[in-house]
Amino acid sequence: MASKKKGNVELIALQCTECKRRNYTTSKNRKNSQAKFEFSKFCKFDRKHTVHKETKIK
């Protein structure tokens, strides 16, 4: 099967600001949103809701 290219969409990781671990991955459309994502998500290592910021997947 032929694979489709996702031109402006890139995969990113969300890193916890307290424990510095990458807990979540998501996709982002670079054309529509240039700013870095910042979400309040649950960190299973801290066992509470913390702020998660966008980082690159290596």
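The values are calculated or read from the model by the stated rules, or taken from the named source; none is laboratory data. As the structure is a computational prediction, the values presented were derived from the model and not from experiment. Counting neighbours? That spans all protein chains shown, and the Cβs are built from the backbone with ideal geometry, glycine included. For the accessible areas, the whole protein counts, side chains as well, though only heavy atoms, and no ligand, DNA or RNA atoms are used. Shrake-Rupley method; radii C 1.70, N 1.55, O 1.52, S 1.80 Å.
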Top-ranked residue of region 24-51 - restricted to ones that are closer than 15 Å to N8 by Cβ and among the hydroxyl-bearing types (S, T, Y), ranked as farthest from the chain's Cα centre (by Cα) = S33
ask   = Restricting the search to region 1-26, which residues are farther than 12 Å from T55 by Cβ, open to solvent by 50 Å² or more (accessible area, probe 1.4 Å) and modelled with pLDDT of 95 or more?
value = E18
